[in-house]
Structure formats: C-alpha cells, structure tokens
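A short worksheet on the structure shown next.
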Amino acid sequence: GECGKCMVGKKNLEITAKVKNDIGAKPGDCALAEMTLSGVMSASFIMYGIPLLAFILGIILGNYVISPMVSIDKDIVSFLMGFGLLFISYIPIKIMDKKGVFRERYEIVLKSVI
C-alpha cells in the first residue's frame, strides 16, 4: 500500500525508503536491499490480518450481542460494528508505529553494493 516498503505489482519499481546502511553505501550507489520474509509476513499480518480479525469480530458482536439490544436492522448494526472495530484496530498499530516499535524488525537492510 502506502508504506513504501514494497512496490509489488507496480510499474515503477524505484522507491525512496529509509534503510539500515551497515555496508557503507553512499548516495547514488546501486545496492541490494533486503527485508526478511518473516518481517514481510508479520508486517502483512499486522497491517491486514489484525484489522480483518477485528472486522469479523465486530460483525459477530454486532449480530449476536448488540443487535438484540437495539431496534435497528441487525445487518446494519453488524456492518457498523465491523467497520468500527476495523477502524479502531488501526489506532494502536499507528501509535506503535510512531513510537518506533516496528522499526528494527521491519527494517530494510542494505546487503551489498552492486
């Protein structure tokens, strides 16, 4: 998406990103950059899996817990609860990202100058 870590499926494969430079590459050097597969997978789960689970939980809560308490159609309540929890799930992710919690684990590292 907009994280700038990858450009899968995009025509322009050139990106600007902050990277860990332990190899002494200088601006303008062409270098091989890498992010671990486990880092990519867990970052994907954080950005897509957790919100999806929150969305599903919201739908279930809206359908079985909240809708019996209100006089609104249960499908509308489920939809609103799903999107409410989806939105809420991004708040701690954003806060943790701003604090740098994910920075080292999901960092792009330069491996070699080409």
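For this structure, a couple of remarks:
- Between PHE87, PHE83, the distinction of being open to solvent by 80 Å² or more (accessible area, probe 1.4 Å), in a helix (DSSP H, G or I), in contact (Cβ under 8 Å) with a residue 12 or more places away in the chain and not β-branched (Val, Ile, Thr) belongs to PHE83 only.
- Any hit, region 40-60, residues being at pLDDT below 90, under 30 Å from LYS26 (Cβ atoms), in a helix (DSSP H, G or I) and open to solvent by less than 80 Å² (accessible area, probe 1.4 Å): yes
- Of all residues in region 90-114, those being surrounded by 13 or more Cβ atoms within 10 Å (Cβ to Cβ) and either farther than 23 Å from THR36 by Cβ or hydroxyl-bearing (Ser, Thr, Tyr) (or both) number 2.
The values are calculated or read from the model by the stated rules, or taken from the named source; none is laboratory data. Because the structure is a prediction, the values reported are computed rather than measured. Backbone-built Cβ (ideal geometry, glycine too); neighbour counts: all protein chains shown. To get the accessible areas, we keep the full protein, side chains included, count just its heavy atoms, and leave off ligands, DNA and RNA. Shrake-Rupley method; radii C 1.70, N 1.55, O 1.52, S 1.80 Å.
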